[in-house]
1. Could you please give the count of residues in the stretch A:171-188 that are within 7 Å of another protein chain (Cβ to nearest Cβ), under 24 Å from A:Met531 (Cα atoms) and free of Cβ contacts under 8 Å to residues at least 40 places away in the same chain?
2. Filter the stretch B:127-169 down to the residues that are in a loop (DSSP other than H, G, I, E, B) and among the acidic types (Asp, Glu), then identify the one that is farthest from the other protein chains (Cβ to nearest Cβ).
3. Consider B:Gly101 against the criteria (1) within 14 Å of chain A (Cβ to nearest Cβ); (2) at pLDDT below 95; (3) open to solvent by 10 Å² or more (accessible area, probe 1.4 Å): it satisfies all of them except one. Which criterion is unmet?
4. Looking at (1) assigned by the TED database to the domain that holds B:Gln256; (2) farther than 25 Å from B:Arg13 by Cα; (3) without any contact (Cβ under 8 Å) to a residue 24 or more places away in the chain, which is the one condition that is false for B:Leu100?
5. Any residue in the stretch A:530-552 that's in contact (Cβ under 8 Å) with a residue 60 or more places away in the chain and within 29 Å of A:Thr488 (Cβ to Cβ): show its pairings with residues that are polar (S, T, N, Q) and part of a loop (DSSP other than H, G, I, E, B) at Cβ separation under 7 Å, as long as the two are six or more apart or on different chains.
6. Considering the stretch B:251-285 alone, what residues qualify as being open to solvent by 10 Å² or more (accessible area, probe 1.4 Å), more than 22 Å from B:Leu481 (Cα to Cα) and touching a Phe, Trp or Tyr at 6+ places or on another chain (Cβ under 9 Å)?
7. In the stretch B:164-205, what count of residues is obtained for those that are more than 25 Å from A:Gly181 (Cβ to Cβ) and under 25 Å from the mean Cα position of the chain (by Cα)?
8. Among the candidates A:Leu254, A:Leu264, A:Leu245, A:Leu231, which residue alone is hydrophobic (A, V, I, L, M, F, W, C) and within 16 Å of A:Val203 (Cβ to Cβ)?
Number of protein chains: 2
Amino acid sequence: MSDLEIARNAAVRPIEEISDAAGIPREAVEFHGRFKAKIDPRLLSADGGTPGSVVLVSAMSPTPAGEGKSTCTVGLADSLARAGQRVMIALREPSLGPVLGMKGGATGGGYSQVLPMDEINLHFTGDFHAITAANNALAALIDNHIHQGNALGVDPRRITFKRVLDVNDRALREVVIGLGGPTEGTPRQDGFDITVASEVMAVFCLAQDLDDLRERLGDITFGSTYDRTPLTVRDLGVEGALTLLLRDAIKPNLVQTIAGTPALVHGGPFANIAHGCNSVIATRTARQLADIVVTEAGFGADLGAEKFLDIKARAADFAPGAVVIVATIRALKMHGGIAKTELAAPDVEAVARGTENLLRHVRNIEKFGLSPVVAVNQFGTDAQEELDWVLEWCRSEGIEAAVADVWGQGGGGPGGDELAAKVLAALDRPVDFAHLYPLELPVEDKIRTIAREIYGADGVEFSALALRRLAEIRANGWDNLPVCIAKTQYSFSDDPTLLGAPTGFTLHVRELIPKTGAGFIVVKTGAVMTMPGLPKEPAALQMDVDADGNAVGLF
Amino acid sequence: MSDLEIARNAAVRPIEEISDAAGIPREAVEFHGRFKAKIDPRLLSADGGTPGSVVLVSAMSPTPAGEGKSTCTVGLADSLARAGQRVMIALREPSLGPVLGMKGGATGGGYSQVLPMDEINLHFTGDFHAITAANNALAALIDNHIHQGNALGVDPRRITFKRVLDVNDRALREVVIGLGGPTEGTPRQDGFDITVASEVMAVFCLAQDLDDLRERLGDITFGSTYDRTPLTVRDLGVEGALTLLLRDAIKPNLVQTIAGTPALVHGGPFANIAHGCNSVIATRTARQLADIVVTEAGFGADLGAEKFLDIKARAADFAPGAVVIVATIRALKMHGGIAKTELAAPDVEAVARGTENLLRHVRNIEKFGLSPVVAVNQFGTDAQEELDWVLEWCRSEGIEAAVADVWGQGGGGPGGDELAAKVLAALDRPVDFAHLYPLELPVEDKIRTIAREIYGADGVEFSALALRRLAEIRANGWDNLPVCIAKTQYSFSDDPTLLGAPTGFTLHVRELIPKTGAGFIVVKTGAVMTMPGLPKEPAALQMDVDADGNAVGLF
C-alpha cells in the first residue's frame, strides 16, 4: 500500500480526543475541520511545571536512497508513547512546491505518519499562505514606497528582500519587474524564492510570541539607501501589518499520528537558507504539554543539527536532552561507494566503508556535550547480516544504537521499542550541553569553527564578495549574530560528490547574507537553490480527487 | 465607532448555533475556529423542497461617495429575518490586496456587517490562497513544460495565462521572467494579476460541483501553439491536480451577521474582468437551506446585475425573484453634478438631476422581466426633504422604493423593515425572467445588444485587435459564449467622467479575451485594471495587533 492508502485506511480520531488526552483546555483549541486544530499557547495554563525534554532527530548525510527521518521521528514518538511516556511530536509543515514536484509529502511514511496526510501536505491550516501573503505584501510596500516618491532613498539596485511563492517555479528565479512606464513602478532586477526560503518564514519559526514576532519583522533588512545605510521594515513602518497577517498562523497546529500520538506541525524553514526546524512556539508549547518532545532538523546532522543546536536552541534557550542520528543500510552503502541501482545486493563491506560518514556525525554531536543514539531505520531490502554488522560496529565504537522497524510497524507494533528504550536511557544521563561557538566570535571565525569542527575542512576560502560582506557585517554591528551555513546536504564538504567523510578540502564561501530579523548570517557555499524547479514529469500529473472527494496521487 | 469597533463589540455566537438554526446537519459543518465553518454541500439532505428565492442587490452607478451595497445586502437580510423569514445571505469574500491598500474591508458597515470582520477581511478560510496556489502551480507547470522539451509546441510569446497574487502590486504588472540562462527557464514577457481577476477564480465561482470544476479547469485556454492552435489545461493533463488544490476551498463558508443571520461568504471574482458575484455553489447551498437568499453583484447594475442575469443565472439555471437597486442621496447628487466635497448641503435639484442615472438602471432591469425595488441607503447627512423627494419621484415613476437605515440600526432595529416589506411584496409578484440575449447571437452582436440596451450607446467601435480576436473566436468555435464586459463602473459609457445617463456615445472595444474555462468572453473597453497599485499612504501603515491579539486599523 502507498503512504496515502495507509493514511486513508488509518482510524483517525476527532482532534478533540487528541487535545483532551494531551491536557489541552478546550478554550485553547481552534478547530480546522475535524482532524486539525490550532492551539493558542496564551490560553494554556502556565502551571510552572518542568518543561518536557527535547529529543532531536537528525541523520547521517542524506543520499538519494532516502533516510526516513520524519518516519523515525513519528515512529520513535509512538514507541515512547507505547512505553507509557507523555510524549508530543514537533515537526515542520510540508511545502506545497515540492509536493507538486517530486519530493512527495513530508508527513512520515508507512505506519509512522501524521494524519490527515493529504490535508497536511496540501494547504494544511494556511500558515504558509499567510507567510507568503505577508512576505509579498512587504515586497509590494517596498516597491510602492519607491514609486510614491522614495522618501527613504531606497536604492532599487540594492533591495535584497524577494517575493516568494510556495511553488517550484524556476522561471521566476531571475526576473525584471516594474516594466511598462512611469505608472507601473520602477524597473529593477529581482527574483522569487520559494516561501520556505524566506526570512519571514525564518522569523516566524524563531519568534517567541507576537511581540517578538513584531520585533523581528521590524528588524528585517530589506535593502539600503544609495549611501549604503541598511534599511529595515521598521523604517517602512509596516511591521504591525505583517504581524496582523501572521496573527493566527503563529498558533501551532495539532494533528495526530496513526497511533494517536499528538503532533504539533508548525512552520517550515528551508534547511539550506534557513535553520530548518519547526517553530520555537510549537516546540515550547509541546514542552509545556508533554514530558518528552520529539523533533527533527532538516538534512544531515552537519546542517540541521548544528543549526538546531547553535541557532534554535540558543534563541529558545534550552538544552536538548538527547539526539538521535538516523542511518540506513542503503545510505551507508551509498557512502561506501555503491550506486543507487546496486543497493539490493547485501554488501557488508560497503556498509562498513560507509560508517565513516555516520561516525563523523556521531563525533560531531558529542562536541556539543551530547551522546547521540543511532537509529538504523530498517528497510525491507536490508539483509540481517548488514543490520547485525552495524549494531556490532556501533558497540565497538561505544555508540548506543538500535534497529527501528517503524515504517512497517508504526506505534502499534514493537518495531521501535528498543530505540525508545535507548532514548529513554539517554534522557536519564546527564547532559553537559554547550554551543559550538560563542556569539562574540567574529562571523569569519564562526564559519572557520564550523568548517573545521563539523565539516572536517582544512580551511575556508572567502570570495572577494564574501570578504566585502564580512566588512559590511562588521561595520553594521552584526558580527555577533550566529551563522546559518547553506551547503550541499550530500557531503560534509561543499562538493556533493564527496561522500563518506572527506578530508583535505577547503570550504568555499561565495556570499554572506545578513538576516537581521531572523537573527543570523546566511553563509552561501557552492550553489544554493532558493527556488526549486519542477521535474520533467511532475507529481502533479498523477494527482486528482476521486468521486468521494479523496485525494489521489499524493506520495 | 469604526466598523471594526462595532464588529468587536458585537455579541458573536458560536458558529454551531448559527448552523444548527439554519438546519445544517453537524456532519456537514467543518469548523474553522469558533466563528467560521465550511459547509460540505454533499452532506446536506437533498429533501427535494423548492429552492429559496434569490434577491439580487445591485446599485446605481457608484461614485466616490460610496453606496453601501454590502451594507444594504446584510441589512435587508437581517430585516427579512426580523420579519420572520428563513433567510440566508450569499456574499463574495474580500480580497486582501485592497484591504491592505485603501478600499478597506468588504463585509458591510455599521450595524449591518458579517462577523468576524477582521478574519473575513484577512485570510478567512484560505480560499483565495488556495486559488492563488492553484493558479500559480498551473503557471509553473506551463513554463516547466516549455523548459522540459515543449512537447506540445507552446508558443512562449502567446501564453495568455498569468500568475496572480492577492496583493496590490503595480511593479508586477509588466515583468520579464525566465532570465538567467538555459537552466532558468525560457525568457518571456509576462505579468501578474490580482487573484480575484484570475480565470481560476471565475471558474471556481461558476462551477456546480467538483466534477464541473475539473471540467472547467481543463477547459481553460492558456495559450497556443506556434501555428495558433489553442492549448488548454487538459492538454497539459493537470486539471486533476488543480481540482485537488481546490477540493476544500470549494466548500462555502458560513458566518453570521451582527444580528445572527446566517451568511455564506464564498468566492470573489472581480466585477470588471469577471462576473463579480459569489460562487454558484454558495448560492445553490443557500437556496437549499433558506426560503430567501439575499446576494449582491459588483459595481452598478449595468455591470454586476447584467452579468449576474446573463452569466451566473444562466450557468446556474435559475431566475431571480427580485432585484434591489441601492441608491444614496450622495450618489444622486454626484450624478447631478455636485462635487464630492460639496455633498453636505441639501440640494433637491441636484438629487433630481441625478435620478436619470437611477432611472436608467431601473428600466434596464425591467428589460429582464424584473421589477426592481429601489433602496435608498440612508446616511446621517441626508436631509429629510431630499429623502422625501426621492420617494415621491419613485412613486411618480411607478417604482417601488424605501428608505433603509441599516448602517445605523442593522437587523436589531426597524430601519430596514419597509425595504423588507417591499422586497417580500416583489417576491410575491410573478416574474417573467428572460436573459437579455440568446447564446446563439454572435459575440459581436451580444456586445452591441448590451451596449444599446443597457449602456444606452449609439454604437460599438471595435479596434483592429478586437476584430482579429472576433475572427479567432469564430474560428475556434467560441461564438456561443456569453460576454463579460469590462468597463468603468462610474459611467454607463466607457468614459468615467460621463455621469448621469449619457447618450450619443460610442462604446470602444479594445480587446477580447476568451475565458473558455469560465465560459465567457471578456470584452475590454477603456483601461481595465487587473492588478491594482497601493496608494501613497497604504492602509497597512495603520494595521497592527494589540496586546490582547485583536486587530487594529482595519476599516
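1. So the answer is 7.
2. At the first step, the residues of the stretch B:127-169 found to be in a loop (DSSP other than H, G, I, E, B) are B:148-153, B:155, B:159-162, B:166-169.
Next, from what is left, pick out any that are among the acidic types (Asp, Glu): B:155, B:166, B:169.
Working: B:Asp155: 15, B:Asp166: 7, B:Asp169: 4 Å.
Taking the candidates together, the pick is B:Asp155.
3. (3)
4. If we test B:Leu100 against (1) assigned by the TED database to the domain that holds B:Gln256; (2) farther than 25 Å from B:Arg13 by Cα; (3) without any contact (Cβ under 8 Å) to a residue 24 or more places away in the chain, just (3) comes out false.
5. If the second residue must be polar (S, T, N, Q) and part of a loop (DSSP other than H, G, I, E, B), the pairs left are A:Pro532/A:Asn168; A:Gly533/A:Asn168; A:Leu534/A:Asn168.
6. Result: B:Ile258, B:Ala259, B:Arg284.
7. So the count comes out to 7.
8. Numbers: A:Leu254 fails: within 16 Å of A:Val203 (Cβ to Cβ); A:Leu264 fails: within 16 Å of A:Val203 (Cβ to Cβ); A:Leu231 fails: within 16 Å of A:Val203 (Cβ to Cβ).
Going through A:Leu254, A:Leu264, A:Leu245, A:Leu231 in turn, the sole match is A:Leu245.
The values are calculated or read from the model by the stated rules, or taken from the named source; none is laboratory data. None of these values were measured; they are calculated from a predicted model. Please note: Cβ atoms are built from the backbone with ideal geometry, for glycine as well, and neighbour counts cover all protein chains shown. Remember, those area values only see protein heavy atoms, side chains included, never the ligands or the DNA or RNA. Shrake-Rupley method; radii C 1.70, N 1.55, O 1.52, S 1.80 Å.
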